[in-house]
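Enquirer: Take a look at this one; I'll ask things after.
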Amino acid sequence: MNDPLRLTVLGTGYLGITHAACMASLGFDVLGVDIDTRKVDQLNAGQLPIYEPGLRELLRSGLDSGRLAFTTSYPQAAAFGDVHFICTGTPPQPGGDHADLTQVNGCVAALAPLLDRPCLVVGKSTVPVGTARRLAAELAAACPGAELAWNPEFLREGSAVADALTPDRIVAGIMSPWAEGILRQVYAGQIVDGTPLFVTDLETAELAKVAANAYLATKVSFINAMAEVCEAAGGNVYALSQILGADARIGSAFLRPGLGFGGGCLPKDIRAFIARVTDLGVGQALGFLREVDSINLRRRTRAADLAGELT
């Protein structure tokens with residue numbers, strides 16, 4: 001592909017809107033796709049359904065320049081895009097911890113039969129390891145000229161624009177040198193600016209996101225476990241966290257005692273990670289994450305109890 005790449009972004013939630021607007025700001029022509037007509041109309045009018053610092057300005061700039069638009073049409077997306085990014089949500093399954101892949105599966109099922117030329121489909125959603133390999137087979141069966149890669153996101157709420165434009169690493173799970181070349185074109189600016197690119201297999205790329213989240217969750221729960229110990233022993237957990245953080249091997253990030261972790265990623269991702277490795281027969285390897293989750297839940301109860309004691 002020697003002409004400038006045209007990108008589609010499938011799914012216009014938090015990840016999809018951010019990725020679409022940031023790629024347009026880098027000079028790509030981008031088409032966002034969603035089945036929600038109301039949301040598509042809202043985005044085409046320059047209105048954000050979420051709040052993220054700096055994102056509204058990028059959205060409106062992309063729309064004004066003509067580099068960014070949104071549609072509900074998968075046929076239009078298939079005809080438009082050279083690279084198709086899957087940016088849908090993966091919430092927990094109803095009544096369980098496994099990730100619900102309905103949206104991811106739906107994107108591939110809707111797009112694949114419409115593809116009639118070589119293109120790269122790139123997953124950015126957080127999925128259980130093994131998902132990409134299955135989707136790659138489905139995609140190849142529907143369109144032999146299409147290939148799948150996995151490129152996990154590492155966005156943080158409140159700094160998502162900076163994380164997308166100047167990431168601290170880029171992970172490319174690929175199946176061929178051709179796919180690597182395409183992703184190198186997409187992220188050429190960041191790579192030139194010094195962002196490290198880790199080229200690996202599909203499975204390692206899938207694990208990269210959930211492993212990072214599991215480690216961060218563990219740090220949060222560890223210092224909160226130390227808070228319980230300090231409370232019992234008469235220690236000062238805030239001083240302890242500073243002492244531990246001064247050790248370069250440990251670092252101070254995520255080592256702050258408090259209510260624990262929440263949000264839309266860490267709790268669901270570590271539970272889905274446990275569920276998936278249990279399916280693989282190696283659940284004991286991540287048995288400690290069950291206690292990480294338990295400590296985190298316990299902090300909320302303890303905070304409420306402490307508040308009650310003070311009233």
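Enquirer: Checking Ala217 against (1) of a type outside the set (Val, Ile, Thr); (2) at pLDDT below 95; (3) touching an Asp or Glu at 6+ places or on another chain (Cβ under 9 Å), only one condition comes out false. Which one?
Expert: Failed condition: (2).
Enquirer: For residues that are under 24 Å from Leu165 (Cβ atoms) and loosely packed, with under 15 Cβ neighbours inside 10 Å, tally how many sit in region 55-96.
Expert: Of the residues in that region, 4 qualify.
Enquirer: Please go through region 125-183 and pick out each residue that is open to solvent by 20 Å² or more (accessible area, probe 1.4 Å), within 21 Å of Phe28 (Cα to Cα), part of a loop (DSSP other than H, G, I, E, B) and of a type outside the set (Asp, Glu).
Expert: Listed by number, the residues that qualify are Phe154, Leu155, Thr166, Pro167, Arg169.
Enquirer: Within region 100-148, which residues are charged (D, E, K, R) and touching a Phe, Trp or Tyr at 6+ places or on another chain (Cβ under 6 Å)?
Expert: Lys124
Enquirer: Hey, another quick one. I'm told Asp34 meets every condition in (1) surrounded by 19 or more Cβ atoms within 10 Å (Cβ to Cβ); (2) within 16 Å of Cys22 (Cα to Cα) except one. Can you identify the failing condition by its number?
Expert: Among (1) surrounded by 19 or more Cβ atoms within 10 Å (Cβ to Cβ); (2) within 16 Å of Cys22 (Cα to Cα), Asp34 violates only (2).
Enquirer: Name the single residue that is nearest to Phe273 (Cα to Cα) among those in region 168-204 being of a type in the set (S, T, N, Q) and out of contact with any Pro (no Cβ under 7 Å at 6 or more places or on another chain).
Expert: So, considering only residues that are of a type in the set (S, T, N, Q) and out of contact with any Pro (no Cβ under 7 Å at 6 or more places or on another chain), the one nearest to Phe273 (Cα to Cα) is Thr204.
Enquirer: So Asp116 fits all but one of (1) assigned to a helix (DSSP H, G or I); (2) open to solvent by 50 Å² or more (accessible area, probe 1.4 Å); (3) closer than 25 Å to Glu180 by Cβ; what number is the exception?
Expert: (1)
Enquirer: Within region 175-188, which residues are in contact (Cβ under 8 Å) with a residue 24 or more places away in the chain and either in contact with a Ser or Thr (Cβ under 9 Å, 6 or more places away or on another chain) or among the aromatic types (Phe, Trp, Tyr) (or both)?
Expert: Residue satisfying the conditions is Trp178 alone.
Enquirer: Something else now. For region 184-213, which residues satisfy the criterion of being closer than 10 Å to Ile170 by Cβ and either open to solvent by less than 40 Å² (accessible area, probe 1.4 Å) or aromatic (Phe, Trp, Tyr) (or both)?
Expert: Of everything in region 184-213, those that are closer than 10 Å to Ile170 by Cβ and either open to solvent by less than 40 Å² (accessible area, probe 1.4 Å) or aromatic (Phe, Trp, Tyr) (or both) turn out to be Val186, Tyr187, Gln190, Thr195, Phe198.
Enquirer: Which number in (1) touching a residue at least 12 places away in the same chain (Cβ under 8 Å); (2) assigned to a helix (DSSP H, G or I) marks the one condition that Asp64 misses?
Expert: For Asp64, the failing item is (1).
Enquirer: Between Ala78, Ala69, which is small (Gly, Ala, Ser), closer than 23 Å to Leu183 by Cα and part of a helix (DSSP H, G or I)?
Expert: Of Ala78, Ala69, the one residue that is small (Gly, Ala, Ser), closer than 23 Å to Leu183 by Cα and part of a helix (DSSP H, G or I) is Ala78.
Enquirer: In the set Ala285, Ala248, Ala253, which member is of a type outside the set (Val, Ile, Thr), over 27 Å from Val127 (Cα atoms) and open to solvent by 30 Å² or more (accessible area, probe 1.4 Å)?
Expert: Residue meeting the stated conditions: Ala248.
The values are calculated or read from the model by the stated rules, or taken from the named source; none is laboratory data. Nothing here was measured: the structure is a model prediction, and the numbers come from that model. Cβ coordinates were reconstructed from backbone atoms using ideal geometry, including for glycine residues, and neighbour counts include every protein chain displayed. Heads up: the accessible areas ignore ligands, DNA and RNA and are worked out on the full protein's heavy atoms, side chains in. Shrake-Rupley method; radii C 1.70, N 1.55, O 1.52, S 1.80 Å.
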